[in-house]
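Derivation of every value follows stated rules applied to the coordinates shown; laboratory data play no part. These numbers come from a predicted model, not from an experiment. Here the Cβ positions follow ideal geometry from the backbone for every residue, glycine too, while neighbour counts run over all protein chains shown.
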């Protein structure tokens, strides 16, 4: 009986394979390894505010991933599996190996409806180092959602205007954490060949079961500008509100704002240099968490930072990076070891896409 079932499965699989047009499938991979250091010797091997290159003073695997995508005129889908420090530090344990998994169809021209697991639609920087100027993420990106699950409806109005609507389980969750859903929007405009402006948002009750619900509205604005073939600018600004979350007035809304500005300059065909400035102000701590500062006040994180890096690409699909970052919190926020409010860090990495 088992042999009969096995034969039937093999026959079905062979017929399925024969019926497929494999030109519609795309298989790709990505590997990134790193070494990181900082002067915050707090005894924890995982560095604060580090969702990428998170472990200090070890040679580590940032990520190894493989992606299979299917694209046809009316249906498409994607599955990305990953392993390494990025998923182990940031993804939920029971869904740690799935980065993206979705399927969708096109009911009419330029309109797609997708459902499943996605990377976030919010942020000037991406979750993965390969698409960013730097290995590290700015604090603004660190506190943005990384992943989401739900339904996405996207439409291309013209070659210069596109948008999408998102119905999601919540902010940076796969499984729902309450009875409510969250709603998101993306609207992108390309007024010129070298300029792109994107607005994203996410609105919903992000408080877990067992606590009183509080609506959060997260707004994200992104500017990408390349005035020449040698220079790329990236600007990101976030403003978020959460009702009844102020530390000084429990009936008042809390506000968070953050931003980043980056410039990448191509010194030669294979070498580029980048610099990034960042700010983060979550004075009520509804994203970063509230703590008592040196002055005895309850507060959330307020910080700024500067990052400088060099990237060498011996070939188009591979890179070597070295970078350094200075991160400083408010003078009374002694969040690092030895009662310091600042940290110096450095990292180097090698990555390849295939």
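Potential lengthening of the chain between residue 93 and residue 27 amounts to 21.2 nm, from the contour at 0.36 nm per residue minus the alpha-carbon distance. Listed by Cβ neighbour count within 10 Å, with the fewest neighbours leading, 202, 234 appear as 234, 202.
Taking the Cα centroid of the stretch 83-150 and of the stretch 20-57, what is the distance between the two, rounded to the nearest whole Å? Here the answer is 14 Å between Cα centres. Against the empirical curve 2.2 N^0.38 Å, the C-alpha radius of gyration of the stretch 200-241 lands at a ratio of 1.83. With 10 Å bins beginning at zero, the pair-distance distribution over Cα atoms of the stretch 100-152 amounts to 23, 39, 28, 10 %. When you work out D = kT/(6 pi eta Rh) for the stretch 130-175 at 4 °C and 1.567 mPa s, using the Kirkwood radius from C-alpha pairs as Rh and the Stokes-Einstein form, the result is 99 µm²/s. For the stretch 186-234 versus the stretch 278-316, the inter-centroid distance based on Cα atoms is 18 Å.
Would you mind ranking 141, 136 so that the residue whose beta carbon has the fewest other beta carbons within 10 Å leads the list? Walk me through the numbers on the way to the answer.
Details: 141 26, 136 31.
Taking fewest neighbouring Cβ atoms as first place, the list is 141, 136.
Between residue 331 and residue 217, the modelled labels are 3.5 nm apart [label points 7 Å from Cα along Cα→Cβ]. Of the three principal axes defined by the Cα atoms of the stretch 202-303, the extents in descending order read 55, 34, 20 Å. Think of it as helices only: each DSSP H run of n ≥ 4 in the chain is worth -39500 (n - 2.57), and spread over all residues that comes to -2500 deg cm²/dmol at 222 nm.
If R0 is 41 Å, what FRET efficiency do you get for residue 161 and residue 267 from their C-beta distance, rounded to 0.05? Write down the numbers at each step before the final one.
Numbers: r = 35 Å, r/R0 = 0.84.
Given R0 = 41 Å and the Cβ-Cβ separation, E is 0.75.
The convex hull defined by the C-alpha atoms of the stretch 178-248 has an orientation-averaged projected area of 6.6 nm².
Quick one: order 232, 284, 39 by neighbouring beta-carbon count within 10 Å, fewest to most. Write out the running numbers ahead of the final one.
Working: 232 19, 284 22, 39 14.
Going from least to most buried by this count: 39, 232, 284.
Using bins of 10 Å that start at zero, the share of Cα-Cα pairs per bin across the stretch 233-282 amounts to 23, 30, 21, 15, 9, 2, in whole %. Here the label points at residue 64 and residue 41, each 7 Å from Cα along the C-beta direction, are separated by 3.3 nm in the simple model. Just how many % of Cα pairs in the stretch 28-98 lie over 15 Å apart, if you round to the nearest whole percent? When all Cα pairs of the stretch 28-98 are counted, 60 percent exceed 15 Å. Computed extension gain for residue 310 through residue 187, at 0.36 nm per residue and net of the alpha carbon distance, reaches 41.1 nm.
Altogether, the Stokes-Einstein calculation at 20 °C and 1.002 mPa s, with the Kirkwood radius of the chain over Cα pairs as Rh, returns a diffusion coefficient of 96 µm²/s.
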